[in-house]
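Before I ask anything, here is the structure I am working with.
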Amino acid sequence: MNYWQEFVKGIWKKNPILILGIGMCPTLAVTTSVSNALWMTMATTMVLVCSNILVSLVKGFVPGHIRIPIFITIIATFVTVVELTLNAFQPAVYKALGIFIPLIVVNCIILGRAEEFASKNSIILSVFDGIGMGLGFGVTLFVLAFVREILGANKLFGLTLIPGMQPSSAMIIAPGAFFTLGLMLWGMNYINSRKKD
Amino acid sequence: MNNIVKPAIILALVAFVSSMVLSHIKKITYPSILKQEKEKQERALAIVLPGYTVGEQKNLTLDGTDFTYWPAEKDESGKMIKGYAFIASSPGYSGQVVSMVGVDDRDTILGMSILQQSETPGLGARSIEVASSSTFFGTIFGNNRGAREETRPWFQLQFTGLNAKNKINIVKKGDWNEALKDELASQNAVSAITGATITSRATIKGIEKAIGLLHTALERETVEAAGKVTNQGGAR
């Protein structure tokens, strides 16, 4: 039951983007298309789960005052592994995501989970936490990218929806991401406030 | 003392393990990355110089800028026609727009291909968008028969046939289509990407700059070749 809770909390109750408010940079930048969002989710979740496992593994040996540099080294290593692998075997994805792959290093979700959760909990719990948080990140990114790709590019999965229609380019640039994210936050807070009553 | 030495050792150990892991991963992925880069370049050369036999790559520095070009030849009914491919680069809206351009000996563009760009997705990044008439619902319901598939981005296709030595103009007529072809050709112009005139202009600027460099490089080559011949003549 405890495992299940640690897993599902990332999707709604402690959604990294909508509730914790971290990891905004990739959220706003890569959600121009659904496929970008899905690849970003996969890369981030991969790094998140691996770093959670390792941080949880070394938590006994790491002196408190140098934990941050050690966590960052671990995270940066996994990010570079993911980056090289994508470059070698998925060049199109590597090209589409560009600078945002190396920037996973500074994604606050990963360091945040290492610091807040993995360094205090067991390996198995940390894995569940990592997958749950990754899923929460992914669902948010997917919804955002779904709205933005349909309205901003008149496309879905790179395929045109209505031939000949001119899409709204405001949705594809940063303001469109803020509008959509704001509406999502409003919706989430509305539902949560109704629940309490 | 223990407060300094122990953390330092632990940190060094972590860094050591991490660099060991990375060097192994790099070793595994490197051949594949290298192969892809080479394939990408060969594919681009085949696009910009269709039918030509491409010679060796030449790198040189002219007036402080690096310039890369490839001489090429084509056998057209017994006559050898010369052509050149070169790299053009110019700052776009965000970062360099790097393209490869092929020209014949009269500076007519035979083809161009954008190799690298980091423009805004949905606007400037449409410079590498391939026009497709297949739709989402069409793909789902399987009635995409008759849909025309281009293999190359429409923005880049427009450059074929233009004269690089003359000024390339920009017109704002929206996405390129077959009907615009004659009008654009008569004006030596391309139709800009809607909402991304900066990207379109950067691409053209890069080509204009690079064609000048190509001519400087070729002139220098002729002078050097002539110099060599006279030197050899003198030695004899």
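Please treat every number below as a calculation from the coordinates, not as lab data. Predicted model, so just to flag it, every value in this text is computed and none were measured. Glycine gets a Cβ as well: all are built from the backbone with ideal geometry, and neighbour counts include every protein chain shown.
Per residue of A:166-173, how many C-beta atoms from partner chains lie within 10 Å of its own C-beta, taken as a mean?
That average works out to 3.
Give the calculated FRET efficiency between B:LYS27 and A:GLN90 to the nearest 0.05, with a Förster radius of 22 Å applied to their Cβ-Cβ distance.
The value I calculate is 0.70.
Please identify every one of the trypsin sites (Lys or Arg not before Pro) in region A:80-176 that sits in a loop by DSSP and has no more than 13 other beta carbons within 10 Å of its own beta carbon.
Here the trypsin sites (Lys or Arg not before Pro) that fit, given the DSSP loop and packing criteria, are A:LYS120.
Relative contact order of chain B, please, whole-number percent, based on alpha carbon pairs below 8 angstrom and at least 6 residues apart.
15 percent
Build a GNM of chain B with springs between Cα atoms under 10 Å: which of B:VAL103, B:VAL14, B:VAL223 gets the top mean-square fluctuation?
Looking only at B:VAL103, B:VAL14, B:VAL223, the largest GNM fluctuation is found for B:VAL14.
If you don't mind, another one. Give me A:PHE100, A:PHE137 sorted ascending by neighbouring Cβ count inside 10 Å, so fewest comes first.
Final ranking by Cβ density, sparse to dense: A:PHE100, A:PHE137.
Still on this structure: Only loop residues by DSSP count here, and only those with at most 12 other Cβ atoms within 10 Å; note down the GluC sites (Glu not before Pro) in region B:119-228 that meet that.
Passing sites in region B:119-228 are B:GLU150.
Sticking with this one: Springs between alpha-carbon pairs under 10 angstrom, Gaussian network model over chain A: which of A:ILE110, A:ILE70, A:ILE131 fluctuates most?
Looking only at A:ILE110, A:ILE70, A:ILE131, the biggest GNM fluctuation is shown by A:ILE70.
Please arrange A:ASP129, B:ASP107, B:ASP63, B:ASP75 by how many other C-beta atoms lie within 10 Å of their C-beta, fewest to most.
By the 10 Å Cβ count, ascending: B:ASP63, B:ASP75, B:ASP107, A:ASP129.
Here's another thing I want to ask about it. Arrange B:THR203, B:THR65 by Cβ neighbour counts within 10 Å, fewest through most, would you?
B:THR65, B:THR203
With chain B treated as a Gaussian network of Cα nodes joined by springs under 10 Å, which of B:GLY124, B:GLY195, B:GLY111 yields the largest mean-square fluctuation?
Taking springs between Cα atoms under 10 Å, the residue moving most is B:GLY195.
How much length is gained on full extension from A:ILE123 to A:ARG194, taking 0.36 nm per residue of separation minus their Cα-Cα distance?
Gain in length upon complete extension: 22.0 nm.
Something else about it: Give me the number: length gained by fully extending B:VAL98 to B:GLN57, i.e. 0.36 nm times residue separation minus the C-alpha to C-alpha distance, one decimal in nm.
13.1 nm
Within a 10 angstrom radius of each residue's Cβ in B:216-222, how many Cβ atoms of other chains show up on average? Whole number is fine.
For this peptide, the per-residue mean of nearby foreign Cβ atoms is 0.
Pairs of Cα atoms under 8 Å, at least six residues apart: use those to get the relative contact order of region B:34-124, whole percent.
23 percent
Separate question: Please compute the contact order of region A:27-196 in relative form: average sequence separation of alpha-carbon pairs under 8 Å and at least six residues apart, divided by the residue count, as a percent.
Over region A:27-196, the number comes to 35 percent.
Could you order the peptides A:160-169, B:151-160 from most to least packed, using the average number of other C-beta atoms within 10 Å per residue?
B:151-160, A:160-169
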